[in-house]
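Every number here is computed from the coordinates shown, using simple stated rules; none is lab data. Being a predicted model, the structure only gives us computed values, none of them experimental. All Cβ positions, glycine included, derive from the backbone under ideal geometry; neighbour counts span all protein chains shown.
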Amino acid sequence: MKERTLSIVKPDGVEKGVIGDVLARFEGAGMRVAAIKMVHLSAEQAGGFYLVHKDRPFYGELVEYMSSGPVVVVVLVGDNAISAVREVMGATDPGKAAPGTIRADLADSIERNIVHGSDSPESAAYEIPYFFREIEIQE
Ligand code: IDP
Ligand code: MG
């Protein structure tokens with residue numbers, strides 16, 4: 001089933017110069033980039049994006065990290081895009097991520113883990129319009 005998902009190359013990914021590497025891995029897995037932009041989120045914007053985590057102990061640090069530098073936000077389209085992208089990303093903790101995944105190969109810690117991907121159709125439906133108007137998505 002053709003699906004949309006939202007992915008973000010996080011501030012550590014941009015800083016490390018792996019935007020191209022991350023996007024190439026998604027394209028190599030059959031995903032197509034349907035929208036893309038670089039933004040530097042304010043703390044308020046990062047907090048709104050991660051509102052689902054507002055009661056978690058790491059929320060404050062997560063908001064600080066996600067607003068610490070520019071990020072690249074993309075809409076990816078493809079067969080089962082949500083789960084396909086999560087598979088290419090690897091587990092949240094790079095120490096537990098499968099070999100060959102983005103996080104296993106490139107990430108430093110459970111927080112600074114290079115990349116975001118929507119985890120469900122419900123989160124994709126919140127996250128995509130958080131960044132893109134329909135007219136900005138080329139499907
Ligand atoms: P996900 O990015 O794999 O979906 P989530 O549980 O949704 O993981 O957490 C969102 C983000 O919050 C993670 O990608 C990571 O940057 C950060 N995070 C998650 N768990 C922890 C933690 O235990 N300590 C610090 N940061 C965390
Ligand atoms: Mg998540």
Checklist outcome for this item: When I128, I19, I135, I114 are arranged by how many other beta-carbons sit within 10 Å of their Cβ, fewest first, they go I135, I19, I128, I114
Checklist entry - Once label points are set 7 Å from the Cα along Cα→Cβ at both K96 and I110, what is their separation, rounded to one decimal in nm? => result 0.7 nm
Checklist entry - Stretch V33-I137 to full length: gain in nm at 0.36 nm per residue minus the Cα-Cα span? => result 36.5 nm
Item to check | Partners for K96 among lysines (Cα-Cα distance below 26 Å; same-chain residues under 8 apart left out) | outcome: K10, K16, K54
Item to check | Gain upon complete extension [E15, D119; 0.36 nm per residue less C-alpha separation] | outcome: 35.0 nm
Item to check | Theoretical gain in end-to-end length, V52 to N80 [0.36 nm per residue, Cα-Cα removed] | outcome: 7.8 nm
Checklist entry - For the stretch 45-62, in order, what is each residue's ³J(HN,Hα) by Karplus, 6.51 cos²θ - 1.76 cosθ + 1.60 with θ = phi - 60°, in whole Hz (x at glycine and Pro)? => result 5, 5, x, x, 5, 9, 3, 4, 9, 4, 9, 7, x, 8, 4, x, 5, 5
Next on the checklist: Once the convex hull of the alpha carbons of the chain is built, what does its volume come to per residue, in cubic angstrom?
Outcome noted: 99 Å³
Item to check | Residues S7, S118, S123, S42, sorted so that the one with the fewest Cβ neighbours within 10 Å comes first | outcome: S42, S123, S118, S7
Checklist entry - If contacts are Cα pairs under 8 angstrom and at least 6 residues apart, what is the relative contact order of the chain in percent? => result 37 percent
Checklist entry - What ranking of K16, K96, K10 emerges when the number of other C-beta atoms within 10 Å of each C-beta is taken as an exposure proxy, fewest first? => result K96, K16, K10
